[in-house]
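Colleague: This is the structure I have questions about; it appears just below.
The values are calculated or read from the model by the stated rules, or taken from the named source; none is laboratory data. A quick note: this is a predicted structure, and the numbers were derived from the prediction, not measured. Using ideal geometry, Cβ is built from the backbone for each residue, glycine included, and neighbour counts are taken over all protein chains shown.
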Amino acid sequence: MSTGSILHVIGFDPLLEDNSVLHRALDKSVAVVASKRLYQELKKLRIVQAPPLVPVTPLGECIDAIRDYLKSGDVTVIASGDPLFYGIGRRLRQDFPRQEMRVHPALSSMQLAFARFNIPWDDAVFVSLHGRSDENLATRLLRHGKTFVFTDPVNSPNSIARVLIRECGVRSLSSIEVSVAEHLGFQSERLVTGSLLEIAEQTFVEPNVMILFNRKRQKHQQHYPVFGLTESEICHSRGLLTKNEVRSAAIHSLRLLGNGVLWDIGAGSGAIGLEAARLFPDCHVFAIEKEVEQWQNIEENRIQYSAWNLKLIRGEAPDALVQLPRPDRIFVGGSGGNLPEILTYCANRLLPNGIIVANAVIEKTAQIAPDILWKMGFDVTISEIAVKRYSYPEGKKQKFNVIRIIVGCR
């Protein structure tokens, strides 16, 4: 229930000549919520009898203090830029849903940063790393042509650059330009542009934001489909990869979750995992392969298509699976003679409601796989894919071996 008081949420712009909105709010407030840095800037405006300061952190205590102060009068919250865009405004709206709230945004850090670097930003993607882990960071930050990043003291620009270099390698990141803006809108503002290597070697003062400009990704978005890479576009050896038609049917059978975990066992060139990783950038894809010859193919495909959520696991299943996170989807393309052991291990590790898909080229696999899955409590269906290709108008025909797609649903 509303207290009758007003919660003013104001984006602070130290260079703004007219601070009348801020002055009026403070005149009526019994407390002001701000970071120490913003409160110091507030004092420079020479506001007489400024209300008592409530620190923003720890946030839980701050929310409790706001609730108490609102019982006796208005409260003013000072934030940077637009409080409703990755700002405190969202949290306030959640904790005070019925409280009258008046929001006055300043120029956002996005607007200022892109303006400072003269970069159009209508096609940019925004990612906040405030209080978030750096897990799968490359996929989150490099899958678009232009990404704006809200950093924090842990996920600083130099730290982010080092993680990306570690995940992807220097050779893969030569097309990426980074722009970092410190203290936007303040007299201490600093602008830096450079490569990831150059950014990784510097230090930056809080607060700051960064922009990643990925020219290679922009080129890929123009020239390659989201799904449907052809055999000629996937690096492989001796024709050993899942054919286009079978690949599409297998991926359909997997019914992939957007942010799940997929094991691609006996990955070969990694074609199944590659298509899955590109389709669902938030999915964690592990390509398990024992053949040394294929490792380079998987790595080349990963780099070529910036499929950073695709991880190569060098080794033989099931032993190579022990340290991996539990999957909700498993594809078995090759077993190296260990099919019973692999399927048994996978069935025990698979998450509830998970799916196992196995491609059977030889008759032995087609007989063993359904029986094992059925005995372990799976509903099993089998589809036969017989692929024939014809060129037109010549009529030249290609005929491939029949493939059985075995699907086990828990």
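Colleague: As an exercise: evaluate A65 against (1) farther than 14 Å from V9 by Cβ; (2) of a type in the set (A, V, I, L, M, F, W, C); (3) touching a residue at least 60 places away in the same chain (Cβ under 8 Å) and give the number of the one condition it does not meet.
Modeller: A65 satisfies every listed condition except (3).
Colleague: Only one of (1) modelled with pLDDT of 95 or more; (2) in contact with a Phe, Trp or Tyr (Cβ under 7 Å, 6 or more places away or on another chain) is not met by A249, so which one is it?
Modeller: Just one mismatch for A249, condition (2).
Colleague: Restricting attention to region 127-138, which residues are in contact (Cβ under 8 Å) with a residue 60 or more places away in the chain and crowded, with 20+ Cβ neighbours inside 10 Å? Lay out the reasoning, then the answer.
Modeller: Taking region 127-138 first, the residues in contact (Cβ under 8 Å) with a residue 60 or more places away in the chain are 136, 138.
Correct list: A138 only.
Colleague: I would also like to ask the following. Has region 148-156 got any residue that is surrounded by fewer than 20 Cβ atoms within 10 Å (Cβ to Cβ), of a type outside the set (S, T, Y) and not in a loop (DSSP other than H, G, I, E, B)?
Modeller: Residues of region 148-156 surrounded by fewer than 20 Cβ atoms within 10 Å (Cβ to Cβ): 152-154.
If we keep only those that are of a type outside the set (S, T, Y) as well, we get 152-154.
Then keep just the ones that are not in a loop (DSSP other than H, G, I, E, B); that gives none.
Within region 148-156, not a single residue is surrounded by fewer than 20 Cβ atoms within 10 Å (Cβ to Cβ), of a type outside the set (S, T, Y) and not in a loop (DSSP other than H, G, I, E, B).
Colleague: What helices (runs of 4 or more DSSP H), lying completely within region 267-382, carry at least 1 residues that are under 19 Å from S253 (Cα atoms)?
Modeller: Details: elements: 271-279, 292-304, 339-349, 363-375.
Counting at least 1 such residues, we get 271-279, 339-349, 363-375.
Colleague: Of the residues I382, I362, only one is of a type in the set (A, V, I, L, M) and modelled with pLDDT of 95 or more; which? Before the answer, list the steps.
Modeller: Details: I362 fails: modelled with pLDDT of 95 or more.
When all the criteria are applied, what remains is I382.
Colleague: Tell me the residue from S179, S172 that is assigned to a strand (DSSP E or B) and either on the phi > 0 side of the Ramachandran plot or in contact with a Lys or Arg (Cβ under 9 Å, 6 or more places away or on another chain) (or both), please.
Modeller: S179
Colleague: Could you list all residues from region 269-283 that are of a type outside the set (D, E, K, R) and either out of contact with any strand residue (DSSP E or B) (no Cβ under 7 Å at 6 or more places or on another chain) or not assigned by TED's automatic domain parsing to the domain that holds G315 (or both)?
Modeller: So in region 269-283, the residues of a type outside the set (D, E, K, R) come out as 269-274, 276-277, 279-281, 283.
Answer for region 269-283, where residues must be of a type outside the set (D, E, K, R) and either out of contact with any strand residue (DSSP E or B) (no Cβ under 7 Å at 6 or more places or on another chain) or not assigned by TED's automatic domain parsing to the domain that holds G315 (or both): S269, A271, L279, F280, P281.
Colleague: Evaluate region 192-201: report whether one residue or more is surrounded by 15 or more Cβ atoms within 10 Å (Cβ to Cβ), in contact with a strand residue (DSSP E or B) (Cβ under 9 Å, 6 or more places away or on another chain) and at pLDDT below 90.
Modeller: no
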